[in-house]
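The values are calculated or read from the model by the stated rules, or taken from the named source; none is laboratory data. None of these values were measured; they are calculated from a predicted model. Cβ placement follows ideal geometry from the backbone for every residue including glycine, while neighbour counts extend to all protein chains displayed.
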């Protein structure tokens, strides 16, 4: 949390300098780089994780252009690198810098306090709902989408007794025998592959987010390969047998090893949670994501959006936290009845940025510093444009009627 | 009411319609004493809560979100007629509704109803108030001004173009791309053949 990202000249991302908070959102026109920024964040958090787990040496990604061919390629953003590209990510454990074609890692020698489970949920997620048994199709997708698809399979199996979608009273059930998903409504049942686009888009997002947040809350251990287990056992033995280390130092080192193999936070990165959804359902889905995010203090949620409803909903959640903070005990319980704590967002926990290729300033915060709420922005100005066109046409129509 | 111009001569826009005669004895004060005029490029018309009737200024006020903004690029003489509470009062006159004010030039008549005291952005409240404003605007024009001008051999439709405006507080952001308000605009023009707007501004020719 409170990580700092600076990017210049990287594909659609012109010039950006931002902080990531517990909830961070990006708005802007198509092609302005929202997803690109989200992918960079996902990439650096993953890199931070694997380096802290000692799965790779620090120098591994500094060599042989692996920053481009492995890290950026995972999210299919490697073609965005040009000779002027500058990227700096200041994380909690490492600083990463890409400049003049060279990638470098600086270890900040901070204590590890757990491992992040990072999930990138792409806009094209509905494909996993319709790709039952079509593993070949999924193999054509970027690597990040394959990872999401794998977690969707895990989530379906995890919710064996069924999963309640956050809207319209719908329930998802997975027939593991036939590898078939079903959506149950009040008086109907439909196969997931035949369900509406909104359900196909939101189910994978919601079920994976909830599955992972439960895993984090349960402090699930990272699954290790046999080789990794052997390495870990060997390392533990080395520490315990080292007579030069005091018992307290041994304890601390073992604890660090433990933290490095136990998930304690979900970094959930979602493209357009509102996709294909009616506004009321957008609200329920966003509440679900915020609630999952709140299930652990260390969780983070990053999302991109085109929806003015998303902004209004987030503002409502910030308003809830502001009201709660200023309330007495009786008022607090009344506020919680309107908006439970798990849906409230403290103003210090939110960052919101607008990206605009055509503006003089490419990246601006849209949080009003006085109120802490998201202020008027480009999404609302689109309404003004719509009304201008409407009124122009209206004038012509009126003149025709009065002839 | 503060005056923007000290010259009290009746402007042509009023004399063309014979408004002083047409609206004589309709209210607490006659047209000749109530009107104000200006030819500046930008004007801010608002519902003055202290005065109790419509007023204007040529300087942008703090409460600009509640103003009806006028652009006058040709510097024509624009006349402000505060109707509700000034020129049109009395139960028999206002039965059926009266709107807040009128802006008048030699070629255009613009009737305005302010609903800037609405603080709720509740959807149903806004539509309800918009419908009420339409009643007030239409009755003022079709029930009072037009027939009284006709009685003085002045056909408003032949002399001027007429449009109608409903003003909500822009800070509520309720009049942006609202499909039901668009529908009210369409209903108004199809029923009455005049234009109705919710965009808090007008550019005079």
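Before moving on, here are some points about what is shown:
- Matching residues, region A:354-381, being in contact with a helix residue (DSSP H, G or I) (Cβ under 8 Å, 6 or more places away or on another chain) and modelled with pLDDT of 90 or more: A:354, A:355
- Apart from one condition, residue A:219 fits all of (1) loosely packed, with under 13 Cβ neighbours inside 10 Å; (2) farther than 30 Å from residue A:32 by Cβ; (3) modelled with pLDDT of 85 or more; the exception is (3).
- The selection criterion, being in contact with a strand residue (DSSP E or B) (Cβ under 6 Å, 6 or more places away or on another chain) and either under 24 Å from residue B:134 (Cβ atoms) or surrounded by fewer than 16 Cβ atoms within 10 Å (Cβ to Cβ) (or both), holds for residue B:86.
- Residue A:356 passes every criterion in (1) within 14 Å of another protein chain (Cβ to nearest Cβ); (2) over 22 Å from residue A:287 (Cα atoms) apart from (1).
Residues are listed down the side, and each one gets a yes or a no for (1) within 14 Å of chain B (Cβ to nearest Cβ); (2) crowded, with 17+ Cβ neighbours inside 10 Å; (3) under 28 Å from the mean Cα position of the chain (by Cα):
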{"site": "A:304", "(1), (2), (3)": "no, yes, yes"}
{"site": "A:311", "(1), (2), (3)": "yes, yes, yes"}
{"site": "A:327", "(1), (2), (3)": "no, no, no"}
{"site": "A:331", "(1), (2), (3)": "no, no, no"}
{"site": "A:345", "(1), (2), (3)": "no, yes, yes"}
{"site": "A:365", "(1), (2), (3)": "no, no, yes"}
{"site": "A:386", "(1), (2), (3)": "yes, no, no"}
{"site": "A:399", "(1), (2), (3)": "yes, no, no"}
{"site": "A:402", "(1), (2), (3)": "yes, no, no"}
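- Residue check, residue B:145 assigned to a helix (DSSP H, G or I) and away from chain A (no Cβ under 12 Å): yes
Per-residue answers, yes or no, for (1) more than 29 Å from residue A:214 (Cβ to Cβ); (2) at pLDDT 90 or above; (3) surrounded by fewer than 20 Cβ atoms within 10 Å (Cβ to Cβ):
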site: A:51; (1), (2), (3): no, yes, no
site: A:61; (1), (2), (3): yes, yes, no
site: A:98; (1), (2), (3): yes, yes, no
site: A:101; (1), (2), (3): yes, yes, yes
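- Looking across region A:180-227, the residues that are farther than 16 Å from residue A:151 by Cβ and part of a loop (DSSP other than H, G, I, E, B) come down to A:185, A:186, A:187, A:188, A:195, A:196, A:219, A:224, A:225.
- Qualifying position, being farther than 16 Å from residue A:215 by Cα and touching a strand residue (DSSP E or B) at 6+ places or on another chain (Cβ under 6 Å), among A:273, A:308, A:279: A:273
- Residues in region B:109-142 that are within 14 Å of the chain's Cα centre (by Cα) and assigned to a helix (DSSP H, G or I): 10 in all.
- When the test is whether a residue is farther than 26 Å from residue B:200 by Cα, touching a residue at least 40 places away in the same chain (Cβ under 8 Å), within 14 Å of chain B (Cβ to nearest Cβ) and under 26 Å from the mean Cα position of the chain (by Cα), residue A:319 passes it.
- Among the residues making up region B:155-197, those that are at the interface with chain A (Cβ under 8 Å from one of its Cβ atoms), in contact (Cβ under 8 Å) with a residue 24 or more places away in the chain and under 26 Å from residue B:78 (Cβ atoms) are B:175, B:194, B:195, B:197.
- Residues of region B:18-45 classified as more than 12 Å from residue B:88 (Cα to Cα), surrounded by fewer than 22 Cβ atoms within 10 Å (Cβ to Cβ) and in contact (Cβ under 8 Å) with a residue 60 or more places away in the chain, total: 2
- Taken together, the criteria place residue A:351 among residues that are within 27 Å of residue A:276 (Cβ to Cβ) and more than 14 Å from chain B (Cβ to nearest Cβ).
- Sole exception among (1) buried (at least 18 other Cβ atoms within 10 Å of the Cβ); (2) over 30 Å from residue B:60 (Cβ atoms); (3) in contact with a helix residue (DSSP H, G or I) (Cβ under 6 Å, 6 or more places away or on another chain); (4) modelled with pLDDT under 90 for residue B:176, by number: (2)
- So residue A:109, is it in contact (Cβ under 8 Å) with a residue 40 or more places away in the chain and either more than 23 Å from residue A:301 (Cβ to Cβ) or surrounded by fewer than 21 Cβ atoms within 10 Å (Cβ to Cβ) (or both): no
- Unique residue being touching a helix residue (DSSP H, G or I) at 6+ places or on another chain (Cβ under 7 Å), modelled with pLDDT under 95 and within 20 Å of residue B:55 (Cα to Cα) when the list is B:105, B:116: B:116
- Residue in region A:34-51 that is under 20 Å from residue A:117 (Cα atoms) and free of Cβ contacts under 8 Å to residues at least 12 places away in the same chain present: yes
- Residue count, region A:252-293 (criterion: part of a strand (DSSP E or B) and either at pLDDT 85 or above or buried (at least 19 other Cβ atoms within 10 Å of the Cβ) (or both)): 9
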